[in-house]
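Visitor: There's a structure below that I have some questions on.
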Amino acid sequence: MKTFRNHRLSVFVGLLSVAASAIAAFAADGGAGKKQAVAAADQTPEAALKWAMPSAAVREVMGQPDEIRSLPAPKGKAEVWVFRRPVSRRVDRVVVGAVPIMSTTYQVNGSCREKRPGRAIDQKIGETLLYANLFVTTVEKVEVLLFNEHFVTSKVTRGEERSYN
């Protein structure tokens, strides 16, 4: 029983040392990983948009919108400009069908001396799988709200688009 307790104690001490070294590494890093993520978010074009920026300046920063939707507004003109940009792409190999592999076997009735031929039986002995490439693209969609030709706010969403070859 003593060895089991000693083993549990040594595992616990080992886990504590790993946790302590991780905390020390994060403290020495100064949270730079989080700062890098924030810096990457600031490098997107929509980070340069400022409230009440004219639509021409928005078009300069973001480029030509993929879609423009008009919204009903009691006074003035409201539009949502939609921009799409691919973030990542991967290709998956997927099964899209199966073709059976058939074999014909002959069943002999009775003895070998029988004059009548045997019966033919088709059997499925396997299948050949058909594959296709599935292209999965992660797309960021940036929706920019403009009121009276001036920037108000933006929203970024991510989604996946799938297509086969």
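The values are calculated or read from the model by the stated rules, or taken from the named source; none is laboratory data. What you are looking at is a predicted structure, and each value in this text was computed from that prediction instead of being measured. As a convention, Cβ positions derive from the backbone with ideal geometry for all residues, glycine included, and neighbour counts pool all protein chains shown. Just the protein is used for accessible areas: all its heavy atoms, side chains included, with ligands, DNA and RNA removed. Shrake-Rupley method; radii C 1.70, N 1.55, O 1.52, S 1.80 Å.
Residues checked against (1) surrounded by 11 or more Cβ atoms within 10 Å (Cβ to Cβ); (2) modelled with pLDDT of 90 or more:
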{"residue": "Ala22", "(1), (2)": "no, no"}
{"residue": "Gly30", "(1), (2)": "no, no"}
{"residue": "Arg69", "(1), (2)": "yes, yes"}
{"residue": "Pro74", "(1), (2)": "no, no"}
{"residue": "Pro86", "(1), (2)": "no, yes"}
{"residue": "Asn109", "(1), (2)": "no, no"}
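Visitor: Also, quick follow-up: Using the structure shown, decide if Val144 is under 26 Å from Glu67 (Cα atoms), of a type in the set (A, V, I, L, M, F, W, C), over 22 Å from the mean Cα position of the chain (by Cα) and open to solvent by less than 80 Å² (accessible area, probe 1.4 Å).
Guide: Against the criterion (under 26 Å from Glu67 (Cα atoms), of a type in the set (A, V, I, L, M, F, W, C), over 22 Å from the mean Cα position of the chain (by Cα) and open to solvent by less than 80 Å² (accessible area, probe 1.4 Å)), Val144 qualifies.
Visitor: Which of the residues spanning the stretch 74-92 are under 16 Å from Leu49 (Cβ atoms) and of a type in the set (D, E, K, R)?
Guide: Glu79, Arg85
Visitor: If you take the residues of the stretch 44-67 that are outside any loop (DSSP other than H, G, I, E, B) and of a type in the set (Asp, Glu), which of them is least open to solvent (accessible area, probe 1.4 Å)?
Guide: Glu46
Visitor: Let me ask something additional. Against the definition (surrounded by fewer than 10 Cβ atoms within 10 Å (Cβ to Cβ), among the basic types (Lys, Arg) and under 24 Å from Thr137 (Cβ atoms)), how does Arg93 come out, yes or no?
Guide: Yes: the conditions hold for Arg93.
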